[in-house]
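So the structure is just underneath, and the comments pick up after that.
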Amino acid sequence: MRTSTNNTVSRVKSAVVFYLIAMVAIHLYLFWITRDMVRRGYSDFAIYYCAGTIVREGLGHSLYDDVTQFRVQEQFAPDVPIRHGALPYTHPPFEALFFAPFTYVSYPKAFVLWDLFNVGMLVLSVFLLRPHLAAFQRHSAVLSILASFAFFPVFFALLQGQDAILLLFLYTLSFLSLKKDRPAVAGAWLALGLYKFHLVLPFIVLLLAQKRTKVLRGFLPVAFLLAVISVLLVGPSQIMLYPHYVLNLENTMARGAIVPSDMPNLRGVIYLLLGGSAFTDAIVLVASFVLLLAVAWYSRVAADPDSLDGGFALSLVTTVLVSYHAMGYDLSMLLLAAFLLGNCWLTAPALPRWPQKCMAFAVGLLFFSPLESVLLIKYNRLGLTGWFVLLWLVGIMGYLSSQFHPSSSLSSRSA
């Protein structure tokens with residue numbers, strides 16, 4: 001019997017490894033066929049290289065000026081005929097300072113350096129997490145690294161030269177700090193992720209709902225420091241202009257650079273259902289607010305307060321859904337949720353079937369690159385993956401409820 005079980009486990013593991021290798025191979029192929037476009041400056045990394053250049057040249061007062069951005073982008077990426085205006089830099093000023101050192105080399109070299117830096121953060125995240133994931137210690141770290149590169153949002157972030165993997169790394173450091181009972185340090189790491197404030201602030205709300213209020217001791221001072229740095233970089237007038245600049249880009253869709261139908265969150269889901277009607281934005285905001293409050297209430301009274309892994313994963317998935325602006329690469333942060341829940345799944349004595357199926361189906365589709373590639377490249381409908389994320393959220397809540405209320409879970413399985 002034991003031999004038969006071992007053989008089954010071995011076959012399943014071999015099938016998983018083969019599948020992950022196939023996904024990575026697809027990613028490498030897509031990288032290869034688009035390499036010339038990346039070199040010429042079609043990717044989003046042009047945004048950060050441009051912002052870094054503006055800050056390095058002492059032009060911070062013009063950081064949010066479209067004419068200045070376009071002029072700088074034409075200097076290092078002149079061979080992009082479809083670009084008739086700047087790819088807009090929409091993040092807070094302090095992030096531009098981070099990218100300034102990359103501008104001392106040419107754009108293609110800077111892109112390679114940035115992607116190598118991202119690869120390093122991704123691999124380091126795996127090794128930092130392993131001591132806290134008992135189920136993953138039974139297998140080689142290579143398997144976890146392979147899974148990381150097989151995750152389509154991670155590939156998309158690398159292809160675009162985006163900053164989403166950095167946010168994944170900061171969330172990993174925050175989780176590890178909470179594991180070591182250092183909430184103030186966890187809050188400090190989260191504050192560094194405020195360059196994507198819409199993907200951090202909802203998470204802070206959910207941590208507070210889980211009664212992890214001590215994170216504010218690290219979050220607030222670092223957030224204040226970053227605000228001071230931003231003012232020093234661009235001046236008070238640009239700081240005052242920044243909210244209007246961002247809202248105007250969202251309202252005008254940034255000349256096609258912002259596509260709600262490609263957003264894998266509630267905004268993308270609702271936009272695909274209702275289109276761009278006059279009431280769509282209001283419905284999105286109300287639905288996001290209601291979902292955030294519902295999960296916050298659930299985290300406070302219905303889930304296991306001692307389940308850091310599950311609660312952290314729940315907060316990550318909810319944050320993506322309620323964020324008003326999220327693109328495919330922003331789902332990179334959900335790789336951490338997949339690892340945490342995978343560990344819970346493999347170490348839990350039993351899971352109710354319906355949460356198990358919900359989570360397996362949702363995560364499986366997020367790892368199925370051909371589907372996401374077609375939705376993104378051919379149809380501009382990556383927002384459909386928002387349904388997968390919603391299904392994942394339902395599965396997580398079912399799992400956490402079963403752990404906190406095992407008797408009800410057992411009775412439901414018996415029924």
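Mean-square fluctuations from a GNM of the chain, with a 10 angstrom spring cutoff on Cα atoms, peak among ALA164, ALA96, ALA110 at ALA110. Take the Cα of LEU241, step 7 Å toward its Cβ, do the same at LYS211, and the gap between the two points is 4.8 nm.
Directionally averaged projected area (region 167-223, Cα convex hull): 3.2 nm². Note on THR68, THR103: ascending count of other Cβ atoms within 10 Å places them as THR68, THR103, the fewest first.
Calculated FRET efficiency, ILE21 to LYS179, Cβ-Cβ distance, R0 = 51 Å: about 0.95 to the nearest 0.05. Extension gain for TYR379-ALA360 works out to 4.3 nm (0.36 nm per residue, less the C-alpha to C-alpha distance). Mean residue ellipticity, 222 nm, helices only, the chain: the sum of -39500 (n - 2.57) across DSSP H runs of n ≥ 4, divided by residue count and rounded to 500, is -23000 deg cm²/dmol. Entry note: region 260-338 has Rg to Rh equal to 1.03, where both radii use alpha-carbon atoms and Rh is the Kirkwood radius.
Provide the packing ranking of 335-346, 280-291, i.e. peptides ordered by the mean count of other C-beta atoms within 10 Å per residue, highest first.
In decreasing order of mean packing, 335-346, 280-291 become 335-346, 280-291.
For the chain, the Cα-based Rg and Dmax, in that order, read 21.6, 73 Å.
Look at the alpha carbon pairs under 8 Å that are at least 6 residues apart: their mean separation over the length of region 1-115 gives a relative contact order of 30 percent. Here the relative contact order of the chain, from alpha carbon pairs under 8 Å that lie six or more residues apart, stands at 18 percent.
Compared with the dominant principal axis of the Cα atoms in the chain, helix 353-366 is inclined by about 30°. The gain in end-to-end length when the VAL112 to HIS84 segment is fully stretched comes to 7.5 nm, 0.36 nm per residue minus the alpha carbon separation. Each of the peptides 136-149, 318-331, 72-85 was scored by the mean count of other Cβ atoms within 10 Å over its residues; in descending order, highest first, they stand as 318-331, 136-149, 72-85. Ordered by the number of other Cβ atoms lying within 10 Å of each residue's own Cβ, fewest first, TRP189, TRP392, TRP387 fall into the sequence TRP387, TRP189, TRP392.
Want the number for ARG138 to LYS13: 0.36 nm per residue separation, take away the alpha-carbon distance, what's left?
Working: separation 125, 0.36 × 125 = 45.00 nm, distance 1.19 nm.
Length gained between ARG138 and LYS13: 43.8 nm.
Shape descriptor for region 80-159: Rg over Rh equals 1.10 (Cα atoms; Rh from the Kirkwood inverse mean 1/r). Inter-label distance, ILE229 to THR280: 3.6 nm, where each label sits 7 Å from its Cα along the C-beta direction.
Quick note: the coordinates plus some simple rules give every number you see, no bench work behind them. Treat the numbers as computed from the prediction; the structure is a model and nothing was measured. With ideal geometry, Cβ positions are generated from the backbone for all residues, glycine too; neighbour counts draw on all protein chains shown.
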